[in-house]
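Let me begin by presenting the structure, written as structure tokens, before commenting on it.
The values are calculated or read from the model by the stated rules, or taken from the named source; none is laboratory data. This is a predicted model, so every value here is computed, not measured. Cβ sites come from the backbone with ideal geometry, for glycine too, and all protein chains shown count toward neighbours. When the accessible area is computed, the model is the full protein with side chains, heavy atoms only, and any ligands, DNA or RNA have been set aside. Shrake-Rupley method; radii C 1.70, N 1.55, O 1.52, S 1.80 Å.
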Amino acid sequence: MKLDQAAAGRVELVAPLSGRLVSLAEVPDPTFAEKMVGDGISIDPTSETLLSPCAGRITLLHPAHHALTVTTAGGVEVLIHLGLETVSLKGEGFTPLVREGDRVKAGDPLIAFDAAFLARRAASLLTQMVISNGEKVRAYWPAAGLAEAGRTVVLTLELADGPAAEQAPAPHGPAAGGDRESEEIVILNPQGLHARPTAVLVNGAKRFASGIKLAKDGREVNAKSVVSIMSLDVKLHDRVRVRASGPDAAEAVEFLATLIKAGLGESRHGAPQDPAPPAPPRPVAAADGDPKVLRGVSASPGLVTGHIFQLRQTEIAV
């Protein structure tokens, strides 16, 4: 089967990185684990160049260069997010190899990154590949095990029947609820509207039947699309407005404006609000006194090969 065979009702996505495949449910970030951005798969990478998983066009390259979207000819938006909490690095450690608007083939290089640098500075190197417009997909078949970048099919999509519109047209006019617009809202999220707060905003917008837009500096985008909102590049202290048209426009504007003012699930430090207290590190179980067993704290599940050395401090009597 050829890649991106939308005509056959399926799309096959190859691994954008080499490494171990991880279920989204195992990703230590609720934005991805709860599929708020979209369904897909995660990879614990062993390579350092992100490759395109399919043929398509680069429709989003985040200014921090840690995330991009490849949109297929059939309109499926494949969002790839390199690492966790990497937006705060502001592009350091990443080298983009493409620009927005470029057309790419499966296996083409997209972003080079310094894995050693990211391992020291980011919360995790786990890289998520998700479909941000899931209405176009009926079913997902993620693979498991190890993947080779550009070769292993890691996610197969069964497309929904017929051309799915990004958003159903909303009724207009006073009888349908009319048009509503919020006042200007100042963004207080330290990293702006990156993946986590954007996902919260989109999920809030999808609760309403009205057509909803987010406006900034004369531009407005679909507020029910993660990719569209991230393309606005909304930063700390930027000003936005929520616009809605349809039967529940007033309720939508009030609800989303309140949500944005409250930080979209983030505190002013950029962390999720009201986090559960972190569990204390759990040492690896070991029999006391066994010299062949090392105690430690698990940083990330996975496999490792090579030699292990243990340094011990020895008291030397003089």
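If you check Val22, Val11, which single one turns out to be aliphatic (A, V, I, L, M), closer than 14 Å to Leu157 by Cα, open to solvent by less than 40 Å² (accessible area, probe 1.4 Å) and touching an Asp or Glu at 6+ places or on another chain (Cβ under 6 Å)?
Going through Val22, Val11 in turn, just one is aliphatic (A, V, I, L, M), closer than 14 Å to Leu157 by Cα, open to solvent by less than 40 Å² (accessible area, probe 1.4 Å) and touching an Asp or Glu at 6+ places or on another chain (Cβ under 6 Å): Val11.
Which ranges mark the strands (runs of 3 or more DSSP E) fully within the stretch 1-86 that have 2 or more residues being touching a residue at least 60 places away in the same chain (Cβ under 8 Å), within 14 Å of Ala112 (Cα to Cα) and not aromatic (Phe, Trp, Tyr)?
Correct list: 49-51, 77-81.
Within the stretch 115-164, can you find the residues that are assigned to a strand (DSSP E or B) and surrounded by 22 or more Cβ atoms within 10 Å (Cβ to Cβ)?
Thr127, Gln128, Met129, Val130, Ile131, Ala147, Val154, Leu155, Leu157, Leu159
Are any residues in the stretch 36-54 surrounded by fewer than 20 Cβ atoms within 10 Å (Cβ to Cβ) and either among the aliphatic types (A, V, I, L, M) or at pLDDT below 95 (or both), and if so, which ones?
Result: Met36, single match.
Taking interchain pairs and intrachain pairs at least six residues apart, which have beta carbon atoms under 8 angstrom, with the first residue in the stretch 144-158 and at pLDDT 95 or above and among the hydroxyl-bearing types (Ser, Thr, Tyr) and the second assigned to a strand (DSSP E or B) and open to solvent by less than 40 Å² (accessible area, probe 1.4 Å)?
From the stretch 144-158, the pairs are Thr152/Val14; Thr156/Val11; Thr156/Glu12; Thr156/Leu13.
Given the structure, is Pro301 at pLDDT below 70, in contact with a strand residue (DSSP E or B) (Cβ under 6 Å, 6 or more places away or on another chain) and assigned to a loop (DSSP other than H, G, I, E, B)?
So Pro301 does not fit the description; no.
Which residues, counting only those in the stretch 175-207, are part of a helix (DSSP H, G or I), over 25 Å from His66 (Cβ atoms) and touching a residue at least 60 places away in the same chain (Cβ under 8 Å)?
Listed by number, the list holds a single entry, Ala176.
Just one of (1) open to solvent by less than 30 Å² (accessible area, probe 1.4 Å); (2) modelled with pLDDT of 95 or more; (3) more than 19 Å from the chain's Cα centre (by Cα); (4) not charged (D, E, K, R) trips up Ala176, so point out which.
For Ala176, the exception is condition (2).
For the stretch 208-230, enumerate the residues that are open to solvent by 40 Å² or more (accessible area, probe 1.4 Å) and either within 24 Å of His81 (Cβ to Cβ) or part of a strand (DSSP E or B) (or both).
Scanning the stretch 208-230 gives Lys213, Arg219, Glu220.
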